[in-house]
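Enquirer: So that we are looking at the same thing, I have put the structure below in structure tokens.
The values are calculated or read from the model by the stated rules, or taken from the named source; none is laboratory data. Values in this document were obtained by computation on a predicted structure and should not be read as measured data. Cβ coordinates were reconstructed from backbone atoms using ideal geometry, including for glycine residues, and neighbour counts include every protein chain displayed.
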Amino acid sequence: MLTYLIVLGALLLASVVGVWLLPVPLGVRVFLFVAGLLITGWLAGLRGRLTQREFARLLFSPKGRPTRLDEMNDSVDHVINACELHSGEDVYFSSRFVASYRLGWGTPGDLSLHEAVQSSSALPPPSHPTGCR
């Protein structure tokens, strides 16, 4: 993750400042500036996927595979709160249920614990409803 942040910072610095110091025609500099910003934006968009992979690998995989939400210890009902981005309403994740006012009640199915935690921390993964107010 540190390497990712260093590469992202260096690319942003090179795109915003460094490209204007090159001894090339102005049109080439503008092209390199726009291309650098587009690549930096794409790389910044990978943040959610990288975070999801690291959560699954380091924090929530005691058996060598991602822990599913319904496999959590059920002696205490842990509830993870996130915000569903389409409706802007709270979503609650537990080992026994997934619930929101607009979407109703359901079962966690094959939802991984790391995906629910990532949703709560506002680091969107590629699929599930995410984001926290």
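Enquirer: Could you list, in sequence order, all residues of region 40-75 that are charged (D, E, K, R) and within 12 Å of Gln118 (Cα to Cα)?
Expert: Correct list: Arg47, Arg49, Arg53, Glu54.
Enquirer: Suppose we filter Arg65, Arg57 for residues that are of a type outside the set (Val, Ile, Thr), in a loop (DSSP other than H, G, I, E, B) and within 30 Å of Gly106 (Cα to Cα); which single one remains?
Expert: Criteria check complete, one pass: Arg65.
Enquirer: Scan (1) touching a helix residue (DSSP H, G or I) at 6+ places or on another chain (Cβ under 9 Å); (2) exposed (fewer than 14 other Cβ atoms within 10 Å of the Cβ); (3) not in a helix (DSSP H, G or I) for the single condition Cys83 breaks and write down its number.
Expert: Unmet condition: (2).
Enquirer: Another one. Kindly list the number of the only condition in (1) in a helix (DSSP H, G or I); (2) without any contact (Cβ under 8 Å) to a residue 24 or more places away in the chain; (3) loosely packed, with under 15 Cβ neighbours inside 10 Å that fails for Phe33.
Expert: (3)
Enquirer: For Ala10, work out the one condition from (1) out of contact with any helix residue (DSSP H, G or I) (no Cβ under 7 Å at 6 or more places or on another chain); (2) modelled with pLDDT under 85 it doesn't fulfil.
Expert: (2)
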